[in-house]
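The values are calculated or read from the model by the stated rules, or taken from the named source; none is laboratory data. Everything quoted here is computed from the prediction, not taken from an experiment. Using ideal geometry, Cβ is built from the backbone for each residue, glycine included, and neighbour counts are taken over all protein chains shown. These area figures cover heavy atoms from the full protein model, side chains too; ligands, DNA and RNA do not enter into them. Shrake-Rupley method; radii C 1.70, N 1.55, O 1.52, S 1.80 Å.
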Amino acid sequence: MKSELNVFVTGASSGFGAAIARRFIDEGHRVIATGRRTERLAELAAACGERLLPLTLDVRDHAAVEAAVAGLPAPFAAVDVLVNNAGLALGLKPADQADMADWEQMVDTNIKGLLYVTRALTPGMVERGRGHVINLGSVAGEWPYPGGNVYGGTKAFVRQFSLNLRADLVGRGVRVSNIEPGMAETEFSLVRYHGDAEKAKAVYAGTQPLTAEDIADTVYWIATRPAHVNINTISLMPECQAFSSFAVKRQS
Ligand code: NDP
Ligand code: 8X3
């Protein structure tokens, strides 16, 4: 493995993405840290120094993604690792009552945004014969729960797309991995509840959820396996979380 990696992280302004960026910087690598909130990225850059390049980017904007990748300055231009982390859940209403705008934003970000960035960066990886795409799926992409409708659907897409991407890239030096975390305390629930901090806090009350650093550890481990080793999928949960039984609605 090349000693110094160029790592492109989407959604680096909070949660997993910020922790992943910090972890790679701490280990001596270079990071392109992207997200919509410029100020947050500037704070990260101030803490991390010049090996971190802050780049304001909305992954839903296809043209902006293409331009950002084409315009990467020399030391950062050859991206070795793409962490497709930007994503969100919006709402928990049942499918017959959910807001279409929430559904569209999840599809546009978690699916289409991930595709735009992947399509922009993988040709360079293939050309160089080295690269790694690490996607953030979710346990919600495999296990259903009430209100998870479209969010879970987008993460099921990430799961299958990761496997199909791997089928396309096999033997060309580009690895593909999918991480499926369970409950982790970040800004995820604050976003899901449209900024309601009390509801968000209640999600984690009385539990010891995963942390952003737990996910950063996992990403770093996956990215630093020897080049012939491809981690396909990793699923992880906090010890306090597990699966539930099927729901059965009985007639009264
Ligand atoms: P956070 O809300 O803390 O972080 C989400 C990040 O995504 C932010 O940096 C946000 O940046 C970015 N983002 C959202 N929309 C866009 C966009 N259109 N363009 C660019 N960036 C965007 O949540 P997490 O860190 O928890 O989530 C990270 C990923 O992990 C997501 O894909 C999520 O689905 C997944 N995940 C989370 C779990 C959890 O329990 N926390 C469990 C399993 C998976 P900004 O707002 O500045 O654009
Ligand atoms: C986030 C985990 O269980 O809230 O993807 O959907 S969950």
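Tell me what the chain gives for mean residue ellipticity at 222 nm when only DSSP H runs of n ≥ 4 count, each as -39,500 (n - 2.57), the sum divided by the residue total, rounded to 500 deg cm²/dmol.
On the way: 10 runs with 104 residues, N = 252.
Mean residue ellipticity at 222 nm (helix-derived): -12500 deg cm²/dmol.
Within the assembled protein chains, the solvent-accessible surface assigned to R128 is about 100 Å², based on a 1.4 Å probe. To the nearest 10, the accessible area of R175 is 30 Å² with a 1.4 Å probe. By the Cα gyration tensor, the stretch 6-236 has an equivalent ellipsoid whose semi-axes, rounded to whole angstrom, run 27, 20, 17 from largest to smallest.
Please compute the net charge surrounding T122, taking Lys and Arg as +1 and Asp and Glu as -1 over other residues with Cβ under 14 Å from its Cβ.
On the way: positive: R119, R128, R130, R166, R172, R175; negative: E66, D80, E127, D168.
My count for the surroundings of T122 gives +2.
Since only L165, A18, T38 are under comparison, the one whose Cα sits farthest along the positive direction of the charge dipole of the stretch 6-236, derived from C-beta charges on Lys, Arg, Asp and Glu, is L165. To the nearest 10 Å², what's H62's accessible area with a 1.4 Å probe? Number for this one is 80 Å².
Positive end of the dipole of the stretch 52-200 (Cβ unit charges, origin at the Cα centre): among V79, M100, L115, the Cα lying farthest that way belongs to V79. Charge tally for G91 (other residues, Cβ to Cβ under 14 Å; Lys, Arg +1; Asp, Glu -1): -2. Charges were assigned to the Cβ only: +1 to each Lys and Arg, -1 to each Asp and Glu. The resulting dipole of the stretch 6-236 about its Cα centre is roughly 580 debye.
Give the accessible surface of the stretch 6-236 per residue, rounded to a whole number of Å², with probe radius 1.4 Å and ligands, DNA and RNA excluded.
45 Å²
In the chain, the portion of solvent-accessible area held by carbon and sulfur atoms comes to 53 percent [1.4 Å probe, whole percent, DNA, RNA and ligands not counted].
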